[in-house]
Amino acid sequence: MFMKDTLMSMVSSLILIICVLIGVAFLTLLERKVLGYMQIRKGPNKVGFAGIPQPFCDAIKLFTKETIYPTVSNYLSYYFSPIMSLFLVLLVWMVFPMFWGLWEFNLGLLYFLCCLSMGVYTVMIAGWSSNSNYAMLGGLRAVAQTISYEVSLALILMSLILMINSFSFVSLFMYQYYLWFIIYLFPLGLVMFASFLAETNRTPFDFAEGESELVSGFNTEYSSGGFALIFMAEYASILFMSMMFSLLFLGSDIFSFLFYVKLTFMGFLFIWVRGTLPRYRYDKLMFLAWKSFLPLSLNFLFFFMGVKLMMIMFIY
């Protein structure tokens, strides 16, 4: 029985990972199409019907190119950091709250925070091991902004944990059966979305990859397979953050078709922001993280602690 359960979990995990990777492929296509129409052009439309097989052609091209690496780089760290980056993002997907055959567990939100914190190291090592000034600067910027936003992100999650009295993702959509959290926690939802944008290094917080001043940031020296893995890790992270936001604030039941509509809409919002907003100034980003988002999330946390205390006193 134990062997059967283990095998079932492994097969389910494999299917989930394959689905995530296919989702990543089509998210890149969606992004190119949406940005194309925003800039009054077509986007990919030559390969196959309406350019649908384009992501697979790009993947084949990238993975069959010759891998080159700088002779002055720290080879092992340089080689393994993109692999670890994608591995960590796929590992965090294991917390996806399915009721059978997968690793749904009671401390899902803590597991999510742990995996998110580990992602910083891969970016830092990628920047450092390339032995390039541009890559090093990009890595340092990414680490600074990720650490800054993780504080407010963790505090918002603590507010929600206080509300539902659980670390489980299943409790989240049980508590939102009648009313979504976004309706009466709208400011927290906006801060959470901005934190997710900063967490995934997306516009307007894409300082780690600022082409105008850092060539391509921490992935300057990467090409072919290494670049493809970093790219896949970023888009898998965007897909996961869209799923997280849907679960945290949009009361999603993963067995309904509506959940996938919400997830796609959140992914579209990431792209919409990229097509609309210019890059933020770096000092303003730090100001926003420490002087705006941190006090706001702390105030909400204290408010929820007070509400919880009053409820306990009222009950007893």
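What the Cα atoms of the stretch 1-49 give is an Rg and a Dmax of 18.0, 58 Å. Across the stretch 238-248, coupling constants 3J(HN,Hα) worked out from phi with the 6.51/-1.76/1.60 Karplus curve, θ = phi - 60°, read 4, 4, 5, 5, 5, 5, 4, 5, 4, 6, 6 Hz, and Gly and Pro carry x.
Please report the relative contact order for the chain, taking Cα pairs under 8 Å with a sequence separation of at least 6, and give it as a percent rounded to a whole number.
23
Computed packing ranks the peptides 182-194, 134-146 as 134-146, 182-194, most packed first, by mean other Cβ atoms within 10 Å. Apply the Debye scattering formula to the stretch 227-291, with a single equal point scatterer on each alpha-carbon and no solvent, then give log10 I(q)/I(0) at q = 0.14, 0.25 Å⁻¹. Debye curve over Cα of the stretch 227-291, log10 I(q)/I(0) at q = 0.14, 0.25 Å⁻¹: -0.57, -1.03. Pairs of Lys residues in the chain are counted when their Cα atoms are under 29 angstrom apart and they lie 8 or more places apart or on different chains; the count is 11. Rg/Rh for the chain: what does it come to with C-alpha atoms and Rh from Kirkwood? Radius of gyration over Kirkwood radius for the chain works out to 0.98.
Of the two radii for the stretch 169-310, the radius of gyration is 1.02 times the Kirkwood radius, both from the alpha carbons; that is the Rg over Rh value.
Laboratory data are not the source of any read-out in this text; all were calculated from the coordinates shown. Keep in mind it's a predicted model, so treat the numbers as computed, not measured. When we count neighbours, we look across all protein chains shown, and the Cβ atoms used for this are built from the backbone with ideal geometry, even at glycine.
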